[in-house]
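Visitor: Questions regarding the structure given below will be posed in turn.
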Amino acid sequence: MTTALTSAITSSDTAQAPMLPGSAEAKTSDARSAATDFLQIESIVLNLDASLRVHARAHFFSWTQGLLQSLIRHELLICTLCLGKPPAFRADGFSMTTPEPNLFSDMFLRDTAVAPTLLKAWEERRYQPVILDVGPANPPLGSGGFARELERLGATQLLVHGIHDAEGRAISLFTFACRPGSASQRQAYLVQLLAPSLHAAWIRTQLTKRAETTGDKAAGGNVLTVREMDILKWIYLGKSNFEIGAILKISPLTVKNHVQKILRKLNVVNRTQAIGKSLELRILNP
């Protein structure tokens, strides 16, 4: 009886005993941890180096959907430029999981509550990375087409971080759509570490795109009439069709017709996109 009791106590003590410093188990654990840390540091350095080689959209796609996945696993990345005040958003999607990432960026902009909600959440966190779940518990994000597409993709957890200027105004916002439960505080830290490189690389792609669309810029400036330019400026200032009509002494219906022509000429689908594109092409100079 005594022998059995002694054996049980010894076995229990052995199972719960912590690893002693210098023991074989502790050395193995330390070696494994050091190897993991070294590999992650190496991956971070490689990603920072790769970001410097990004000068076009294709480069950005290859980097974010390739090497960057080793640090931040995601199904979809939406990069958003925040232009003007109040901000107008311009977005682009990148994904190896879906053949139509542009569908997500279009939905991201069409659901007009999504980008402002993400931006507000990030600002309220004092510009720290934010992890959000898309679903019924988060109505602004879980009630539109963008949320439905994320559910179809199986990527309903969002990791959001961005870059702001010296006055606290957002310049860019990066939204990683991940599998549920895969966005952790470790990934949030890595996003914070890599955000400046993401921003710089993304901005370079926009500069390249702008140089390629110089002809579009000239054409856009030429096809908009003086009246349409006036209306575009009032849209930028947040005025409704009724308010613009009162200012310009024309009917709200006439304003609506002009707005439709502006959208068609700029090849966009809503007023927010019209402001974003006109700012990008410098048709509008507030």
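So that you can scan it fast, the table gives a plain yes or no per residue for (1) touching a Ser or Thr at 6+ places or on another chain (Cβ under 7 Å); (2) under 18 Å from residue 80 (Cα atoms); (3) touching a residue at least 12 places away in the same chain (Cβ under 8 Å); (4) among the charged types (D, E, K, R):
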| site | (1), (2), (3), (4) |
| --- | --- |
| 142 | no, no, no, no |
| 154 | no, no, yes, no |
| 162 | yes, yes, yes, no |
| 176 | no, yes, yes, no |
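Visitor: Pick from region 240-286 the residues that are more than 28 Å from the chain's Cα centre (by Cα), part of a loop (DSSP other than H, G, I, E, B) and of a type outside the set (A, V, I, L, M, F, W, C): which of them is nearest to residue 84 (Cα to Cα)?
Guide: Among those residues, the one meeting the criterion is 240.
Visitor: Continuing with this model, one more query. Is it fair to say residue 201 is under 20 Å from residue 92 (Cα atoms), among the aliphatic types (A, V, I, L, M) and at pLDDT below 85?
Guide: In short, no.
Visitor: Go through region 145-174 and give me each residue that's part of a loop (DSSP other than H, G, I, E, B) and open to solvent by 10 Å² or more (accessible area, probe 1.4 Å).
Guide: 154, 156, 165, 166, 167, 168, 169
Visitor: Do we have residue 131 as outside any helix (DSSP H, G or I) and in contact with a His (Cβ under 8 Å, 6 or more places away or on another chain) here?
Guide: no
Visitor: Go through region 85-97 and count every residue that is over 14 Å from the mean Cα position of the chain (by Cα) and open to solvent by 40 Å² or more (accessible area, probe 1.4 Å). Before the answer, list the steps.
Guide: Initially, region 85-97 is screened for residues over 14 Å from the mean Cα position of the chain (by Cα), giving 85-88, 96-97.
In the following step, the residues that additionally are open to solvent by 40 Å² or more (accessible area, probe 1.4 Å) were identified as 85-87, 96-97.
Total satisfying the criteria: 5.
Visitor: Here are the criteria: (1) touching a helix residue (DSSP H, G or I) at 6+ places or on another chain (Cβ under 9 Å); (2) open to solvent by less than 80 Å² (accessible area, probe 1.4 Å); (3) outside any loop (DSSP other than H, G, I, E, B). Tell me which single one residue 69 does not satisfy.
Guide: (1)
Visitor: Restricting region 98-118 to residues that are in contact (Cβ under 8 Å) with a residue 12 or more places away in the chain and part of a loop (DSSP other than H, G, I, E, B), which is least open to solvent (accessible area, probe 1.4 Å)?
Guide: Ranking the candidates gives 98 first.
Visitor: I'd like to verify a number: residues in region 162-182 that are within 16 Å of the chain's Cα centre (by Cα) and more than 14 Å from residue 122 (Cβ to Cβ), how many?
Guide: Here the count works out to 3.
Visitor: Taking the criterion of being under 20 Å from residue 206 (Cβ atoms), free of Cβ contacts under 8 Å to residues at least 12 places away in the same chain, open to solvent by 30 Å² or more (accessible area, probe 1.4 Å) and polar (S, T, N, Q), would at least one residue in region 243-260 satisfy it?
Guide: Within region 243-260 (the criterion being under 20 Å from residue 206 (Cβ atoms), free of Cβ contacts under 8 Å to residues at least 12 places away in the same chain, open to solvent by 30 Å² or more (accessible area, probe 1.4 Å) and polar (S, T, N, Q)), the answer is no, since none of the residues qualifies.
Visitor: Regarding region 190-206, can at least one residue be identified that is within 19 Å of residue 98 (Cβ to Cβ) and either in contact with a strand residue (DSSP E or B) (Cβ under 7 Å, 6 or more places away or on another chain) or in a loop (DSSP other than H, G, I, E, B) (or both)?
Guide: no
The values are calculated or read from the model by the stated rules, or taken from the named source; none is laboratory data. What you are looking at is a predicted structure, and each value in this text was computed from that prediction instead of being measured. So basically every Cβ, Gly included, is an ideal-geometry build from the backbone, and we count neighbours across all protein chains shown. The protein model used for the area step is the full one, side chains on, heavy atoms only, and it has no ligands, DNA or RNA in it. Shrake-Rupley method; radii C 1.70, N 1.55, O 1.52, S 1.80 Å.
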